[in-house]
Protein chains: 2
Amino acid sequence: MTGLRYVAQADCARVAGLDADPVERAAAFADVCRLNALYMIERAGSGHPGTTFSSLDIVSWLHLEVLQDGDRYFSSKGHDVPGLYAVLAALGRLDFELIHRLRRLDGLPGHPDVAATPEVVTSTGSLGMGISKARGFVLADRLRGRNGRVFVLTGDGELQEGQVWESLQPTANRGLHEITVIVDRNEVQSDTWVSEVSDLGNLGAKVAAFGWAVADCDGHDLAALRDTLESLAGERRPKLVVAHTRKGAGVSFMEPHELARTDTALYGYHSGAPTPDEYERAVDEIRTRLDGRLAELGAAPVELVTPERPTHLSAGPGERQRLVPVYGEALIEAAEREPRLVVLDADLRYDCGLVDFRLRYPARFFECGIAEQDMVSQAGAMALAGLLPVVHSFACFLSTRPNEQIYNNATEGTKVIYVGSLAGIVPGGPGHSHQSVRDISALGAVPGMALIEPSSEHEVRAAVDWAVHRAPGSVYLRLVSVRWALGFEPPPVDELVPGRGTVVRAGGDGVFVGAGPVMVGGAWEAAELLAEDGLEFGVVSLPWLRGVDGSWLAEVADGAPIFCLDNHYVVGGQGDAILAALVADAPSVAVLAHKIGVEEVPKSGENNEVLAAHGLDGKGLAARVRASLRTSTAAG
Amino acid sequence: MTGLRYVAQADCARVAGLDADPVERAAAFADVCRLNALYMIERAGSGHPGTTFSSLDIVSWLHLEVLQDGDRYFSSKGHDVPGLYAVLAALGRLDFELIHRLRRLDGLPGHPDVAATPEVVTSTGSLGMGISKARGFVLADRLRGRNGRVFVLTGDGELQEGQVWESLQPTANRGLHEITVIVDRNEVQSDTWVSEVSDLGNLGAKVAAFGWAVADCDGHDLAALRDTLESLAGERRPKLVVAHTRKGAGVSFMEPHELARTDTALYGYHSGAPTPDEYERAVDEIRTRLDGRLAELGAAPVELVTPERPTHLSAGPGERQRLVPVYGEALIEAAEREPRLVVLDADLRYDCGLVDFRLRYPARFFECGIAEQDMVSQAGAMALAGLLPVVHSFACFLSTRPNEQIYNNATEGTKVIYVGSLAGIVPGGPGHSHQSVRDISALGAVPGMALIEPSSEHEVRAAVDWAVHRAPGSVYLRLVSVRWALGFEPPPVDELVPGRGTVVRAGGDGVFVGAGPVMVGGAWEAAELLAEDGLEFGVVSLPWLRGVDGSWLAEVADGAPIFCLDNHYVVGGQGDAILAALVADAPSVAVLAHKIGVEEVPKSGENNEVLAAHGLDGKGLAARVRASLRTSTAAG
């Protein structure tokens, strides 16, 4: 049998309720949940199998044997959530039908979301916040006379975040023994081995030095986990268990047995979905082991159910712009001309397009781990010492976690280039912790810093050229990571002209202005739809998110209304910059401007359905324009 | 003799060059610098005497005996900078005349500023960044084939910041033995004892667990400091010295001998200037000791020079609005009605107006130390657990350091109130690390969050009432800390109406719109000046920094041009929100709007001279209006 399949809820509940040794029962239950988590990830087409599997024995044990009424459990890293969903669904604490809707609209978000999912305790996915939150829960409970323990799962790469260490000492000082932290010590973070990215040193000794009770155990040996938790139960201090696990545990080829102990070897199952063939092999392996476990318990095997319609949405038409890979190429070219250029990365080398740079310029590549504040301040000093640092992370993290550090650098008058990928509302799968729709606002007032977002591969090359070789000061380069079809062949761009963009489509009835392939592509689609109504709409790709040339834009619009499109909250995005430029440079045009953007916390889901839900796909944009024109006609 | 006095450069140089035992010479030199640092602080009317004095023996020793060409020294905490200035001026490495211009325009900024002062290595004052910067310097130097050591001074309260711990492990992993960190372990942070605010635990053991070579010594015993540094010199690991010091060391009444070991006892000499009487006593004590030291070295005493014109600028006219104390009162009243209200603070209890709250509601007050990320995530969990947390720090820190944590809380749909004091460009003394002119932009796109800034004590009370009892979601309350005269008697405010403000002065030729006493007071002064030209200008106090009611404002303006005033960068501030509201609600009025705000990194200086330098005092605003009217007349 091939194709997607899962274990039905009744079978899940049967295994959970087996009259058997709790350790063996939990191990079998964890494998049931592995099957369902893998199903969810495979069906969604994305997720985090490696960490889901490394933690699933622990999560299963906690939910079957440890947690009681009033206790709280959450994962601080959050991206292991398919495992939690599988457990909660198996136990009937979550509508089981939701397992078919991981990373789909109104389904299960790609990271835990307390506003979306019952039983989720707090929203995580932004790393390092878990222990602080645990303390908040316990202090609030104590104040309100409520009892309850808090169990927090963390990653090990996550421990590179300063907030983890910031939170340890005050938690010990207050004697918050209600808190137990379990570190899923799978030794592999996003790119590769933790030891190669940014080694944790003697983790147990470090945490103990902060006044915590510390123990360690094999995180896949549930008897050992049980004994370890019991041994700590009487402690009046907060407790931390280093649970030694294997990333991808339970699927042999996902475990990093053969991953070389170098920083150039990349682990393949951190995020994304297995290939169909890998999926088959993984299901076979888990199922065979599970059958054996159940047989030893004298229980019948589980049945695997094939879902009715395991459909995927189709992608948009046309050739896709691959901004991040092209960025990586352009950066290498720029480094050839500019010997002062060095690259800093926060454990997202693969996702930020830096794998080849690292190979080409190993001495000019600084892997900083998941430590954005440290990375940015380091870059500031490098700039003072005569280098040109180019700093990378996802936009959601880079614009916020080291926000004060970026400003501190800016006040020093040096030049640092910040590159935030995964910008904007898509991909929608990971959920709002990763959907960067606030970065323009968060960085938009940093003095002397240019903010640019290219919409095509051509613009990416021109943007890198401008940022490295011509920009007088610091630059924030905002990159959409999803490979995205514009719907048209983007014109070549020789060089960026500050404040100005490219008219990619002419039209006298109105002009869409936006940055990035998602907005420009959406504008193109909307223009096509409006053309069916006889309305000729132009499209301007304007890569400048601040410092817009209002006179130029007014000339381009030539009296037609301007619709500013923001792949960002409608407040604080490019639209505000456009309005301000028009009011200052061409007030008569400003009165005809409209802002369109994200108006609420982004939904998690497949890309096109998320855009549609927020009214930011071509259809939604066309509808907004029609409504706007009706209003002005009615008013006029 | 009474009145301000200092040691002239020739005398400083003489002591620095005495043919004597280096330890005794440095101790005498440190006292010379104590006299001059105290002079600078007293003349400026503000500064940080406690930490300047606790670190001055160390800073003197390093500059006289340790630092060589190619080495770098900087203080990560930064607020001890009067001591560094005194040392550098004494050694002829800084224009000596600058000692008369601490915290004055084009003088010496209140925190180190690499863009303003030769010999300053990096800009600090935003805590916790020092070790990261040291690593950046060393890595850049290594890459460029340059040798040099880096000595970093940190505070001890500063070690509560997560970035410190984030930076330790990678520095050890890379074996950056060039770095020596010296902790000025004076045991007292901004409010009181470090142990009472957020105890550091076993500091030495903690740092050692991260792989550093650690030692400790008496930071006022320079022979011990010498021996300790020498004992570490051969280490191939980064090194950290815990230097045990006394806050205010060298002036007996500034040392905390009699400060009770409770968290309610407040240390009196963290910031600010001594009273004239205290200044006299301090000078006498230092000078007597210094005379004795010099006599033992067979050297003549130093002469104290009285400066020619020790003038202070006069304050503005009228009764001053005391927003922060009134905020503290209003918060206590709100807490009486709202039992869920709890308060969190980041070692700024005194500066944030919370001293009385702590005494009144000790169980509902959570002191978090200098750990803003930890504080904010903790507050988020408290909100999930049913409390209404009110979170405090200076606006510059609260809006940036925990920026991602604030967003994470916002996505959970709970209500948290954030209160940022020290907002805006004044006080100008501390310099740009503390002049919060980017917070509106940094937080302005947080979904569901209201941003409000009151301009009068009446509006403060109404804002607290609205935030606690009526706001549907989270609130950022922006408070100017400087006691500021509006120039008029502010009208009573019953309750805030979302999006709308108060017309405090009518006028048909134009309308100033702004928030906060500095802008509203400046607008009033400008209106008075313009009235002399026959121009009737209105003034609107509009506390809403986002979500402005454009229709209401258009009605108020009644066809007159609107001048939006931002005590913030002109990009991303209230002006952008006003323009967006007008374009959406009243486009014909938008064309008449102008934005005025901060356009470059704020200068450090006395309040009125800083405002004037940025064109934001009454005269500057009036001039901007006149220029604008001339332009539109010419254009029209």
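The values are calculated or read from the model by the stated rules, or taken from the named source; none is laboratory data. The structure displayed is predicted, hence computed values, not measured ones. Cβ sites come from the backbone with ideal geometry, for glycine too, and all protein chains shown count toward neighbours. What goes into the accessible areas is simple: the full protein's heavy atoms, side chains included, and nothing from ligands, DNA or RNA. Shrake-Rupley method; radii C 1.70, N 1.55, O 1.52, S 1.80 Å.
By average Cβ neighbour count within 10 Å, what is the ranking of B:583-589, A:165-171 from highest down?
Details: B:583-589: 19.0, A:165-171: 27.6.
Descending packing order for the listed peptides: A:165-171, B:583-589.
Indicate the gyration tensor shape class of segment B:464-618 (rounded, prolate or oblate), computed on the Cα atoms with a ≥ b ≥ c the square roots of the eigenvalues: a/c under 1.5 is rounded; otherwise a/b larger than b/c is prolate and the rest oblate. Rounded, because the longest to shortest axis ratio a/c is under 1.5.
Computed on segment A:431-510, with alpha-carbon pairs under 8 angstrom and 6+ residues apart, the relative contact order is 30 percent. Of the residues in segment A:370-401, those shielded by at least 20 Å² of accessible area once partner protein chains are present, compared with the chain alone at a 1.4 Å probe, are A:Q373, A:D374, A:S377, A:Q378, A:A381, A:M382, A:L384, A:A385, A:L387, A:T400, A:R401. For segment B:129-259, report the translational diffusion coefficient in µm²/s to the nearest whole number, using Stokes-Einstein at 37 °C, 0.692 mPa s, and a Kirkwood Rh over Cα pairs. Estimated diffusion coefficient is 213 µm²/s. Overall size of segment B:221-356 from C-alpha positions, given as principal axis extents largest first: 67, 51, 29 Å.
Counting residues in chain A as N, plug N into 2.2 N^0.38 Å and put the Cα Rg over that result. Show your work: numbers first, answer last.
Numbers: Rg = 25.7 Å, N = 636, 2.2 N^0.38 = 25.6 Å.
Expressed relative to 2.2 N^0.38 Å, the Cα Rg reads 1.00.
Taken across both chains, chains A and B shield about 7400 Å² of accessible surface from a 1.4 Å probe. Take each residue in A:582-591, count the other chain C-beta atoms within 10 Å of its C-beta, and the mean is 5. Each listed q (0.06, 0.07, 0.09 Å⁻¹) maps to a log10 I(q)/I(0) for the protein assembly as shown from the Debye sum over equal C-alpha point scatterers, namely -0.51, -0.70, -1.17.
Check cross-link reach from A:K77 to the lysines: straight Cα distance under 21 Å, and skip same-chain residues fewer than eight apart. Output for A:K77: A:K133, A:K206, A:K239, A:K247, A:K603. Surface composition of chain A: carbon and sulfur make up 48 percent of the accessible area, probe 1.4 Å.
Label-to-label distances for A:V503 across copies, nearest first, come out at 4.3 nm, using points 7 Å from Cα in the beta-carbon direction.
Counts of other chain beta carbons within 10 angstrom of each beta carbon in peptide B:196-204 average 3. Of interest is the spacing of the C-alpha centroids, which for segment B:35-82 and segment A:120-140 amounts to 40 Å. Label points for B:E65 are taken 7 Å from Cα along Cα→Cβ. From this copy to the others they lie 6.1 nm apart, shortest first.
Within segment B:152-173, the residues that become at least 30 Å² less accessible when every protein chain is included than when their own chain is isolated (1.4 Å probe; DNA, RNA and ligands ignored) are B:G162, B:Q163, B:W165, B:E166, B:Q169, B:N173. With the cut-off at 1.5 for a/c, could you classify segment B:397-465 from its C-alpha gyration tensor as rounded, prolate or oblate? The shape class here is oblate.
Express the accessible area of segment B:365-414 per residue in Å², computed with a 1.4 Å probe while the remaining protein chains stay in the model.
With all protein chains present, segment B:365-414 gives 9 Å² per residue.
Please name which of A:V583, A:G386, A:T192 has its Cα lying farthest along the dipole of chain A towards the positive end, using unit charges on Cβ (Lys, Arg +1; Asp, Glu -1) and the Cα centre as origin. Ranked along the dipole, the leading option is A:V583.
To check you understand DSSP bridge types, tell me what percent of the beta bridges within the protein assembly as shown (both residues inside) are antiparallel, rounded to 5.
Numbers: 18 of 134 bridges.
Rounded to the nearest five, the antiparallel share is 15 percent.
For segment B:436-451, accessible area lost to neighbouring protein chains reaches 50 Å² or more, against the chain alone with a 1.4 Å probe, at B:R438, B:S441, B:A445. What is segment B:43-127 by shape, rounded, prolate or oblate, if you read a ≥ b ≥ c off the alpha carbon gyration tensor as root eigenvalues and call it rounded for a/c under 1.5, prolate for a/b larger than b/c, and oblate otherwise? Judged from the Cα gyration tensor, segment B:43-127 comes out rounded (a/c under 1.5). Only Lys, Arg, Asp and Glu carry charge here, each on its Cβ (+1 for the first two, -1 for the last two); on that basis segment B:282-389 has a dipole of about 240 debye about its Cα centre.
Work out the mean other chain Cβ neighbour count within 10 Å for the residues of B:124-132 and drop it here as an integer. Present the calculation step by step, with values, prior to reporting the outcome.
Values: counts 1, 2, 6, 1, 7, 12, 2, 3, 14.
Per residue, the average neighbour count from other chains is 5.
Add -39500 (n - 2.57) for each DSSP H run of 4 or more in chain B, then divide by its residues: what number comes out at 222 nm, to the nearest 500 deg cm²/dmol? Walk me through the numbers on the way to the answer.
On the way: 23 runs with 250 residues, N = 636.
One gets -12000 deg cm²/dmol as the mean residue ellipticity at 222 nm.
Anything in chain A that counts as a DSSP H helix reaching 24 Å or more along its axis (C-alpha) with Kyte-Doolittle mean of at least 1.6? List them, would you?
Once both thresholds are applied, nothing remains.
What the phi angles of segment A:360-369 give under the Karplus curve with 6.51, -1.76 and 1.60, with θ = phi - 60°, is a coupling list of 6, 10, x, 6, 9, 10, 10, 7, 9, x Hz, glycine and proline written as x. For segment B:460-539, the residue among B:G538, B:A467, B:G508 whose Cα projects farthest onto the positive side of the dipole built from Cβ charges is B:A467. When you restrict to C-alpha pairs under 8 Å that are six or more residues apart and normalise by the size of chain A, the relative contact order lands at 12 percent.
Rounded to the nearest 20, the Cβ-based charge dipole of the protein assembly as shown about its Cα centre (Lys and Arg +1, Asp and Glu -1) stands at 40 debye. Across identical copies of the chain, A:L266 has label-point separations of 5.6 nm, listed in ascending order, with the point defined 7 angstrom from Cα along Cα→Cβ.
Between A:L388 and A:L341, A:V342, the built amide H atoms are under 5 Å apart, and every one of these is 5 or more places off in sequence or on another chain. Using only side-chain charges placed at the Cβ, +1 for Lys and Arg and -1 for Asp and Glu, the dipole size of chain B relative to its Cα centre rounds to 1260 debye.
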